[in-house]
Amino acid sequence: MKIQTIIMVIGSMLLPLLNTNAQDLETVKYTATNKGKFFVSWGGNRDHFSNSDITFTGDDYNFTLYDVAAHDKPKGWHVDYINPANMTIPQTNFRLGYFISDHYAVTLSLDHMKYVMTQDQTVRANGYINIPENDESSLYNNSFQDSPVLLHKGFLTFEHTDGLNYIHTEIARFDDISKLFGINNTDVFQVKLTESVGGGVLYPKTNAKVFAYKRNDDFHIAGYGLSTSAGLNLTFFKHFFIQGDLKGGFINLPDIRTTKNPSDRASQHFFFYETIFSIGSIFRL
């Protein structure tokens, strides 16, 4: 038998197998696996904070304000979310992730929240203010024993508005639930549930003005946070997604700068809750 005939016979035997493998490869969807993929997202948030006790200490004062209420400072829908010069003005969220398996990813995230102490509220206070009389701030000298204190602007303004920066890592899980909605071609549209747990540092730029002292507004590592979240991810055409998340956690700030004097400090801890809306992309390098 000629060599050409042998090749033709072998080829005719392998051709069906090659066609089958090609068909199998064609049916493997990009969205069927995640391991080795990266994703990045950018979005905005609304924030809610539990009441907290805030302690202020300095060379001539040491007092605690109890059950202080605070709120966020939303920008609303605005071009500043995508304007590089003004991206720190709104409340924003950045997230970069890498899938270590089909279901689990590790992320690096920045939640740029804004915390504003509600002005003109009356709270209880314990402690003292005993500033030398030649100092303008001595106007507020007092001794507090569960005393009511009005938090007016002359006495105290206290904000983490540029911002309450939560820099953290997460372990996130993603589960494809497209079949629950009758979606078969996930390369066109895919629905995923996602959950995460994380922790990291708080690097706020605290805008505080205590008594008549000059305000402080510098970045400073002030404490740590822990968080967990759950969300819904909608992916379009394999690479683009929108995601909504509910996120909550605990923040402890034992070392807050309040004035230019390094002796002046504040401390507080509270629970927080975020609603987040993000857009992003998922891809392989």
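The values are calculated or read from the model by the stated rules, or taken from the named source; none is laboratory data. All figures in this text were calculated on a predicted structure; none of them were measured in a lab. Here the Cβ positions follow ideal geometry from the backbone for every residue, glycine too, while neighbour counts run over all protein chains shown. Heads up: the accessible areas ignore ligands, DNA and RNA and are worked out on the full protein's heavy atoms, side chains in. Shrake-Rupley method; radii C 1.70, N 1.55, O 1.52, S 1.80 Å.
Step by step: first the residues of the range 125-184, then only those that are touching a helix residue (DSSP H, G or I) at 6+ places or on another chain (Cβ under 8 Å) and either among the basic types (Lys, Arg) or part of a strand (DSSP E or B) (or both), then the one that is most open to solvent (accessible area, probe 1.4 Å). Which residue is that?
Among those that are touching a helix residue (DSSP H, G or I) at 6+ places or on another chain (Cβ under 8 Å) and either among the basic types (Lys, Arg) or part of a strand (DSSP E or B) (or both), it is Asp176.
Within the range 94-110, can you find the residues that are aliphatic (A, V, I, L, M), part of a strand (DSSP E or B) and over 16 Å from Ser227 (Cβ atoms)?
Pass one, the range 94-110, residues aliphatic (A, V, I, L, M): 96, 100, 105-106, 108, 110.
Those left that are additionally part of a strand (DSSP E or B): 96, 105-106, 108, 110.
Leu96 - this is the single residue of the range 94-110 that is aliphatic (A, V, I, L, M), part of a strand (DSSP E or B) and over 16 Å from Ser227 (Cβ atoms).
State whether the residues of the range 244-267 include one that is over 24 Å from the mean Cα position of the chain (by Cα), within 17 Å of Ser41 (Cα to Cα) and not hydroxyl-bearing (Ser, Thr, Tyr).
First, the residues of the range 244-267 that are over 24 Å from the mean Cα position of the chain (by Cα): 259-265.
So of that shortlist, the ones also within 17 Å of Ser41 (Cα to Cα) come out as none.
No: zero hits.
Could you list, in sequence order, the residues of the range 253-264 that are surrounded by fewer than 18 Cβ atoms within 10 Å (Cβ to Cβ) and modelled with pLDDT of 95 or more? Write out each step before concluding.
To start, the set of residues in the range 253-264 that are surrounded by fewer than 18 Cβ atoms within 10 Å (Cβ to Cβ) comprises 254-255, 260-263.
Answer for the range 253-264, where residues must be surrounded by fewer than 18 Cβ atoms within 10 Å (Cβ to Cβ) and modelled with pLDDT of 95 or more: Pro254, Asp255.
Answer with yes or no whether Gly280 is modelled with pLDDT of 95 or more, within 26 Å of Phe49 (Cβ to Cβ) and within 17 Å of the chain's Cα centre (by Cα). Explain how you work it out, then say what you get.
Numbers: modelled with pLDDT of 95 or more: yes; within 26 Å of Phe49 (Cβ to Cβ): no; within 17 Å of the chain's Cα centre (by Cα): yes.
Spelling it out, it is not the case that Gly280 is modelled with pLDDT of 95 or more, within 26 Å of Phe49 (Cβ to Cβ) and within 17 Å of the chain's Cα centre (by Cα).
Within the range 234-249, is there a residue that is assigned to a loop (DSSP other than H, G, I, E, B) and free of Cβ contacts under 8 Å to residues at least 40 places away in the same chain?
Just the residues of the range 234-249 that are assigned to a loop (DSSP other than H, G, I, E, B), to begin with: 237-239.
From what's left, free of Cβ contacts under 8 Å to residues at least 40 places away in the same chain: none.
Checked against the condition, which is being assigned to a loop (DSSP other than H, G, I, E, B) and free of Cβ contacts under 8 Å to residues at least 40 places away in the same chain, the range 234-249 yields no hits at all.
Looking only at the range 157-196, count how many residues are closer than 30 Å to Asn252 by Cβ and among the aliphatic types (A, V, I, L, M). Write out each step before concluding.
Step one: filter the range 157-196 for residues closer than 30 Å to Asn252 by Cβ, giving 157-174, 193-196.
Within this subset, residues satisfying the condition of being among the aliphatic types (A, V, I, L, M) are 164, 167, 171-172, 193.
Selection size over the range 157-196: 5.
Filter the range 61-88 down to the residues that are open to solvent by 50 Å² or more (accessible area, probe 1.4 Å) and modelled with pLDDT of 95 or more, then identify the one that is farthest from Glu274 (Cα to Cα).
Asn62
Search the range 110-122 for residues that are at positive phi and pair each with any residue that is aliphatic (A, V, I, L, M) when their beta-carbon atoms are under 9 Å apart and the residues are at least 6 apart or on different chains.
Short answer, once both residue conditions are applied: Asp120/Leu150; Asp120/Leu151.
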